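Written below as structure tokens is the structure these notes are about.
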Amino acid sequence: MENEISEKEFAVPFFKENGFTRKQCECCKAYFWTQRPDEKYCGDSPCVQYSFIGKPPAKRPYSVHDMRELFLSFFEKNGHTRIKPYPVVARWRDDVFLVGASIYDFQPYVTEGQIPPPANPLVISQPSIRFTDIDNVGPTLGRHDLIFEMGGAHAFNYPGKEIYWMDQTIRYHHQLATEEFGLKSESLSYKEHFWSGGGNAGPDVECLCDGLEISTLVFMQYKVQGEELVKLPIRTVDTGYGIERWAWLSQGKPSAFQVIYGSVLDKIFDMASVKFDEKLVAKVVPVSSYMNTERGESRIDARKKMADALGMDWRELDKVLVPVENAMAVADHTKTIAFLLSECVVPSNVEEGYLARLLIRRTYRMLRQLGIEERILDILDLQVNYWGGDFPQLKDMRREIAEAIKSEESKYRRTIERGSDLVRKISSDLKAKGQKEIPSNTLVELYDSHGIVPDIVREIAEPMGVQVNEPGNFFGMVAQKHLSGKRASDEEGETEVAVSLKDKVAELPETVPLYYKDPFQKQFQGKALAVIDRKFVVLDQTCFYPEGGGQPGDIGVLQTSAGPVKVVDTQKAGRVILHQIDGKPPRVGDIVQGSIEWDRRVSLMRHHTGTHLVLGAARRVLGKHAWQAGAQKGVESSRIDISHYERITDEQVREIERLATETALQDIPVESMWLPREKAEQAYGYILYQGGVVPGRELRVIKIGDWDVEACGGTHCTRTGQIGAIKILHTERIQDGVERIIFAAGTQALRAFQEQERVLKGISSAVEAPVEKVDQYVQTLIEDRAKLTKRLEELGIQWAGQEAERLLRSSKKVGTVKLCQGKYTSGEENEIVSLNNKIVEEDPNAVTVLLLVKDSARVFVGAGKQAISHGVHAGKLAGKLAAIVGGGGGGKDYFGQGGGTNTKAADQIIKNSESVLKSMLTK
Ligand SMILES: [Zn+2]
Ligand SMILES: [Zn+2]
């Protein structure tokens with residue numbers, strides 16, 4: 001697609017007016033624009049090296065904060081509206097988990113023209129997270145980072161409403177860089193490039209100064225369809241100003257991390273007693289791109305190349321640099337973790353929770369190498385203080401961040417304990433096969449499925465003689481599998497029925513949903529517009545709610561001219577509501593009377609509104625991180641899944657129940673309103689999307705006072721008082737990081753109480769104790785039972801001893817062995833087995849035949865050591881004797897058992913055992 005760029009496209013008037021010429025880089029062959037007539041190179045690394053270290057070219061040094069402000073206010077002065085940053089978790093999208101650039105904020109609804117942008121043009125500084133280079137964060141000493149701020153100045157050009165395009169975009173950039181920031185005009189180069197990503201594409205200009213790319217100006221104007229580029233109706237100016245990079249350029253420090261993290265980084269160095277040799281780092285930074293291990297090269301090989309380039313011993317260099325690299329990566333990662341956790345991400349094994357956990361584990365690993373594993377909370381606290389002024393949600397969530405980390409730490413320790421055995425087994429299996437190294441896909445698997453990082457694998461495997469050679473891009477490989485995917489949602493999409501009928505309803509008008517106007521309307525009149533497959537009736541309007549958002553479809557009756565017909569389900573296909581019937585369908589054109597099964601529906605509404613109340617209560621009791629991860633409303637009970645890092649305690653359950661019920665009884669109005677998506681987001685934030693991403697230009701928002709607000713399409717009570725009581729029936733952990741709460745509302749809550757009361761009264765009368773004392777009483781019973789069990793065991797042992805003696809005394813000599821026989825009509829099998837054991841232990845020459853005759857006859861046979869040596873096989877003997885009572889048996893030589901149902905023949909066993917035993921003896 002490179003050849004799609006034509007020279008003309010980039011030859012904007014600005015370049016001509018200002019004496020820029022187009023040149024081809026002698027190193028990378030790319031075209032670039034410069035004011036220096038004899039320039040040979042594009043200005044990008046590796047074609048040229050950084051030349052600003054120690055020689056900052058800007059007017060003055062800028063901190064990240066000051067740089068952000070310079071950027072935002074410059075564009076504000078130039079007609080752009082300043083927009084607050086969006087969250088880093090892309091809750092409004094179902095294709096990616098994290099925001100990787102400012103344009104993500106406006107995809108897909110704005111860029112595809114479904115909704116207008118919040119302002120046009122606009123300017124924003126958007127914290128963004130990219131996992132692709134995770135393994136380079138640290139080793140390249142600041143060239144790569146996970147979290148960064150992208151300065152986005154965006155203009156959305158609609159047909160007939162042009163804001164500005166390439167020429168003006170480059171003018172703004174140049175003006176900011178020279179007049180405001182103080183770069184010399186001729187020090188800037190603009191390199192031609194073609195950008196493609198996320199299904200869109202367009203030409204872009206990379207802006208370079210002193211070897212550093214400081215901005216990328218993208219002109220998004222195509223949709224990528226296979227090999228083809230299709231022009232988009234909306235052309236978007238998508239600029240990315242690297243706020244941290246501009247600040248770095250202005251300070252000229254050897255590492256960007258020094259500029260970004262300032263005192264935080266110094267404190268991490270102090271904690272770990274790392275000596276930061278700025279002169280050495282300044283020497284290393286220009287060649288730090290050797291450490292870019294994107295292609296899976298080993299870290300050691302990369303280090304050797306770096307040392308060669310500097311003419312140093314690689315081991316010496318490694319020893320000095322590794323702690324510095326680790327401390328820098330810790331600074332970057334802990335900021336990222338703080339941002340993620342402050343946005344209610346709960347570390348888990350799915351979605352952004354997976355990425356958060358990966359980061360926490362990688363951070364632990366580096367802290368461990370630095371010898372300050374226990375300082376993670378202190379470092380997070382430094383980050384919260386350092387960034388909390390610009391990003392107040394960090395301070396708001398300080399407690400939740402700390403709690404999540406503590407819980408994650410103990411989980412990690414358990415994981416290591418469990419995983420160690422697995423690593424030992426894998427290592428010994430490999431060794432047995434003659435292999436000397438753990439393959440890298442096994443390393444990835446060990447992390448991905450069992451949570452064990454390569455260091456732990458190494459600690460266990462290497463002493464066993466199995467090597468661990470971790471690929472340089474290990475974490476990138478692991479993260480890659482989890483960067484995108486579909487977010488779990490209550491909006492499960494369309495049901496099967498809906499999908500199969502979509503074509504058949506395409507021509508029909510939208511059904512008027514009466515349930516939104518008045519959720520308490522029970523009956524209505526409608527005109528039959530179509531009958532599909534004799535099973536689905538479409539009316540012009542309806543009170544029947546179609547399945548969606550975790551709420552089941554309504555059932556009820558349609559009265560037609562031919563009589564009543566049952567509605568067994570309601571579904572929605574596109575904009576059309578389908579009543580699935582069981583019976584004779586109405587004729588098209590008929591006027592029908594519909595009535596919904598009200599008891600069921602009102603219970604569903606109580607449970608639905610109740611779900612919103614329980615969620616609000618859970619957020620207040622467990623913490624603000626507790627987000628809805630799924631919900632299903634039912635008639636008898638409902639469930640809601642909530643992200644939380646620990647099991648919910650009984651005390652918390654009671655508190656959630658109490659808060660939810662109290663809120664219900666406050667009789668707060670439940671407001672439902674349709675709002676344009678952007679208005680709803682501005683007013684309530686992304687907490688709207690707790691139930692999952694909701695499609696469409698307009699959102700239906702359900703707001704319950706200041707208790708809860710969500711985008712939701714369900715039917716609701718109009719006031720919370722209609723719910724009545726809320727009773728949590730139980731909670732369970734459905735996956736790591738997700739708790740399920742099952743509760744009942746209204747009459748069903750009462751029913752739950754009544755059911756529990758019935759059980760309690762049953763117990764109370766069985767144990768003959770009053771209800772209010774039944775718990776103490778049962779406790780006493782349990783204690784008594786334990787005493788009795790113990791006493792019974794003692795008696796059993798005593799009995800077995802005496803009985804063994806008795807049987808040995810009355811034993812019969814059969815050849816060389818002693819036959820001990822007994823028949824019992826009460827007692828337990830285990831008692832008989834202990835009796836047998838006692839006898840054969842006492843006398844190795846003994847053979848036992850013990851019968852337990854109750855509903856059936858069981859026979860137990862034992863043989864002492866000596867008896868076995870004389871040819872006795874207890875299992876075989878048991879088989880033969882069991883045949884007498886009409887059954888079978890078997891076992892080992894020292895013990896066997898069997899039995900049959902013919903209890904009348906039991907005495908026959910006693911009579912016959914002597915002769916059967918005799919036939920077995922060899923001497
Ligand atoms: Zn070049
Ligand atoms: Zn809802």
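Observations, loosely collected:
- Only one of the numbered conditions (1) in a helix (DSSP H, G or I); (2) within 24 Å of the chain's Cα centre (by Cα); (3) of a type in the set (S, T, Y) is violated by Y386, and that is (2).
- Residue match in segment 117-124 (condition: closer than 18 Å to L146 by Cα and touching a Phe, Trp or Tyr at 6+ places or on another chain (Cβ under 7 Å)): no
- Any hit, segment 712-731, residues being surrounded by fewer than 21 Cβ atoms within 10 Å (Cβ to Cβ), within 16 Å of ligand 2 (Cβ to nearest atom), part of a helix (DSSP H, G or I) and among the polar types (S, T, N, Q): yes
- A search for C-beta distances below 8 Å between a residue of segment 702-730 that is more than 22 Å from G692 (Cα to Cα) and any residue that is away from ligand 1 (no atom under 16 Å from the Cβ) and acidic (D, E), counting only pairs 6+ apart in sequence or on different chains, returns R719/D667; T720/D667; G721/D667; I726/E657; K727/E657; I728/E657.
Residues checked against (1) modelled with pLDDT of 95 or more; (2) over 16 Å from T715 (Cβ atoms); (3) under 37 Å from the mean Cα position of the chain (by Cα); (4) in a loop (DSSP other than H, G, I, E, B):
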residue	(1), (2), (3), (4)
K486	no, yes, yes, yes
E494	no, yes, yes, yes
V497	no, yes, yes, no
L508	no, yes, no, yes
R534	no, yes, no, yes
F544	yes, no, yes, yes
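- Qualifying residue in segment 8-15 (condition: within 16 Å of ligand 1 (Cβ to nearest atom), closer than 30 Å to Q225 by Cα and either in contact (Cβ under 8 Å) with a residue 12 or more places away in the chain or polar (S, T, N, Q) (or both)): yes
- Matching residues, segment 512-532, being part of a loop (DSSP other than H, G, I, E, B) and within 16 Å of ligand 2 (Cβ to nearest atom): P519
- Of the residues examined, R82 is not one that is under 23 Å from I170 (Cα atoms), surrounded by fewer than 18 Cβ atoms within 10 Å (Cβ to Cβ), within 16 Å of ligand 1 (Cβ to nearest atom) and modelled with pLDDT of 90 or more.
- Leading residue by the ranking (surrounded by the most Cβ atoms within 10 Å (Cβ to Cβ)) among those in segment 25-68 that are within 15 Å of ligand 1 (Cβ to nearest atom), among the charged types (D, E, K, R) and touching a residue at least 40 places away in the same chain (Cβ under 8 Å): D44
- Filtered by the rule that a residue be of a type in the set (A, V, I, L, M) and at pLDDT 90 or above, segment 91-125 gives L98, V99, A101, I103, A119, L122, V123, I124.
- The set of residues from segment 118-145 being in a strand (DSSP E or B) and at positive phi is empty.
- Test: residue in segment 771-780 that is touching a strand residue (DSSP E or B) at 6+ places or on another chain (Cβ under 6 Å) and surrounded by 13 or more Cβ atoms within 10 Å (Cβ to Cβ): no
- Only one of D843, D855, D784 that is among the acidic types (D, E) and touching a strand residue (DSSP E or B) at 6+ places or on another chain (Cβ under 8 Å): D843
- Conditions (1) under 29 Å from A356 (Cβ atoms); (2) among the basic types (K, R); (3) surrounded by fewer than 17 Cβ atoms within 10 Å (Cβ to Cβ): number failed by K305: (1)
- Neighbours by Cβ (under 8 Å, 6+ apart or cross-chain): first from segment 91-117, on the phi > 0 side of the Ramachandran plot and surrounded by fewer than 19 Cβ atoms within 10 Å (Cβ to Cβ); second at pLDDT 90 or above and not small (G, A, S): G113/Y158; G113/I234
- Of the residues making up segment 853-873, those that are surrounded by fewer than 23 Cβ atoms within 10 Å (Cβ to Cβ) and among the aliphatic types (A, V, I, L, M) are V853, I868.
- Of all residues in segment 311-346, exactly one satisfies the criterion of being among the aromatic types (F, W, Y) and farther than 18 Å from L382 by Cβ, namely W314.
- Residue check for G721: of a type in the set (G, A, S), under 18 Å from Q652 (Cα atoms) and away from ligand 1 (no atom under 16 Å from the Cβ): no
- Sub-6 Å Cβ pairs linking a first residue in segment 672-684 that is farther than 16 Å from D105 by Cβ to a second residue that is among the β-branched types (V, I, T) and crowded, with 17+ Cβ neighbours inside 10 Å, at least 6 apart or interchain, are S672/I702; M673/V701; L675/V701; Y684/V709, ordered by first then second residue.
- Residue in segment 666-685 that is part of a loop (DSSP other than H, G, I, E, B), among the β-branched types (V, I, T), surrounded by 15 or more Cβ atoms within 10 Å (Cβ to Cβ) and more than 28 Å from the chain's Cα centre (by Cα) present: yes
- Qualifying residues in segment 191-201 (those that are in contact (Cβ under 8 Å) with a residue 24 or more places away in the chain and out of contact with any Asp or Glu (no Cβ under 7 Å at 6 or more places or on another chain)) - the one farthest from Q251 (Cα to Cα): G199
- When the residues of segment 826-846 are filtered to those that are part of a loop (DSSP other than H, G, I, E, B) and touching a Lys or Arg at 6+ places or on another chain (Cβ under 7 Å), the one that is farthest from D893 (Cα to Cα) is D843.
- Sole exception among (1) touching a His at 6+ places or on another chain (Cβ under 6 Å); (2) within 22 Å of L70 (Cβ to Cβ); (3) of a type in the set (A, V, I, L, M) for V137, by number: (2)
- Residue identified as modelled with pLDDT of 95 or more, away from ligand 2 (no atom under 15 Å from the Cβ), assigned by TED's automatic domain parsing to the domain that holds Y515 and not in a loop (DSSP other than H, G, I, E, B) among V621, V567: V567
The values are calculated or read from the model by the stated rules, or taken from the named source; none is laboratory data. Bear in mind the structure is a predicted one, so any value in this text is a computation, not a measurement. FYI the Cβ positions are ideal-geometry reconstructions off the backbone, even for glycines, and counts take in every protein chain you see.
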